[in-house]
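The values are calculated or read from the model by the stated rules, or taken from the named source; none is laboratory data. What you see is a predicted model, and the numbers here were worked out from it, not measured in a lab. When we count neighbours, we look across all protein chains shown, and the Cβ atoms used for this are built from the backbone with ideal geometry, even at glycine.
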2 protein chains.
Amino acid sequence: MKRPNIYFAGSIKGGREDAQLYAKIIELLNQKYGYVLTEHIGNSNVFELEKHQSDSDIYTQDYDWITSADIVVAEVTTASLEVGYEIGVATERNIPTLCLARKKFISSMIVGNPKCTTRFYEDLSELDAIFADFFKKAL
Amino acid sequence: MKRPNIYFAGSIKGGREDAQLYAKIIELLNQKYGYVLTEHIGNSNVFELEKHQSDSDIYTQDYDWITSADIVVAEVTTASLEVGYEIGVATERNIPTLCLARKKFISSMIVGNPKCTTRFYEDLSELDAIFADFFKKAL
């Protein structure tokens, strides 16, 4: 089977506290599960990378990527408009969507949503098993 | 014309700093522009109101409300997964969507998005004119 295209969603303007974690998640996804379209989300210089793009250019590029993705993986611990938006678009389009959370206090629109799968974790070491299970069922 | 159904989106689990502001926006919308389906978003006891509902019940109710709305109005100043999610669903369904922001640093997926209208404001007194303009064009 062809390597699936993965849209990884993480907070940009909502806060970059988890940028290093995003980079590690992206690395694991790229190594074993598919091709991550949004590798820049884990880059600590994301604002520098995007500074020559208008909001409209960024929207157009990211929207094209979401709608062409086979799988969406979102880290939802940091409250973020863009991550929520991307989950809304993906689930409306029936793209299999995995939400990863390190805390329990997450919006009902995510954890109560039958169109996406939310998995709670405490440590990166748990993610390989979560991904193996999710990708097996989703693809 | 029938009073339009309005889905007002504001942060719940992302943070309740703006709850009183949401209540005032909802009051203005109800007085002059339509019927707000989500009046509880402006209630300072929203967690108390929702405590007997499961995440799944809340999701089902709110999803039904979004998808039956004629207009979505979102206050996007507080970073919030649920507000982002709701904008994603609304825009995918081509429901006219107005995003209100009190700061400039808002996700490109919102401000660069041609499927929703973002208006910046500093004070509540500006909202009546913003609503009058938006509702006239949208309905």
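Here is how the numbers come out for the structure above:
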item: So A:Ser56, is it modelled with pLDDT of 95 or more, within 8 Å of chain B (Cβ to nearest Cβ) and over 29 Å from B:Trp65 (Cβ atoms); result: yes
item: Hits in region B:98-129 - residues which are within 14 Å of chain A (Cβ to nearest Cβ) and of a type in the set (Lys, Arg); result: B:Arg102, B:Lys103, B:Lys104, B:Lys115
item: Qualifying residue in region B:79-91 (condition: away from chain A (no Cβ under 13 Å), part of a loop (DSSP other than H, G, I, E, B) and either of a type in the set (Ser, Thr, Tyr) or surrounded by fewer than 21 Cβ atoms within 10 Å (Cβ to Cβ) (or both)); result: no
item: Subset of region A:1-48 (residues that are of a type in the set (A, V, I, L, M, F, W, C), surrounded by fewer than 21 Cβ atoms within 10 Å (Cβ to Cβ) and touching a strand residue (DSSP E or B) at 6+ places or on another chain (Cβ under 6 Å)); result: A:Leu37
item: Condition met for A:Tyr22 (in a strand (DSSP E or B), more than 10 Å from chain B (Cβ to nearest Cβ) and of a type outside the set (D, E, K, R)); result: no
item: Yes/no for A:Ile95 being surrounded by 14 or more Cβ atoms within 10 Å (Cβ to Cβ), assigned to a loop (DSSP other than H, G, I, E, B), modelled with pLDDT of 95 or more and more than 7 Å from chain B (Cβ to nearest Cβ); result: yes
item: Pairs with Cβ under 7 Å, 6+ apart, first in region B:25-39 and under 13 Å from B:Ala9 (Cβ atoms), second hydroxyl-bearing (Ser, Thr, Tyr) and surrounded by 15 or more Cβ atoms within 10 Å (Cβ to Cβ); result: B:Leu37/B:Tyr7; B:Thr38/B:Tyr7
item: Criterion (more than 14 Å from chain A (Cβ to nearest Cβ) and on the phi < 0 side of the Ramachandran plot) met by exactly one of B:Leu37, B:Leu49; result: B:Leu37
item: Test set (1) farther than 23 Å from A:Thr118 by Cα; (2) at pLDDT 95 or above; (3) more than 10 Å from chain A (Cβ to nearest Cβ); (4) surrounded by fewer than 21 Cβ atoms within 10 Å (Cβ to Cβ) - B:Trp65 fails condition number; result: (1)
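Yes or no, residue by residue, for (1) without any contact (Cβ under 8 Å) to a residue 60 or more places away in the chain; (2) under 29 Å from B:Lys104 (Cβ atoms); (3) surrounded by fewer than 21 Cβ atoms within 10 Å (Cβ to Cβ):
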| site | (1), (2), (3) |
| --- | --- |
| A:Lys51 | yes, yes, yes |
| A:Asp55 | yes, yes, yes |
| A:Tyr59 | yes, yes, no |
| A:Ile71 | no, no, no |
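Each row is one residue, and each column tells you yes or no for (1) of a type in the set (S, T, N, Q); (2) within 26 Å of A:Leu124 (Cα to Cα).
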site	(1), (2)
A:Asp55	no, no
A:Tyr59	no, no
A:Ile71	no, yes
A:Leu81	no, yes
A:Tyr85	no, yes
A:Val89	no, no
A:Thr97	yes, yes
A:Arg102	no, yes
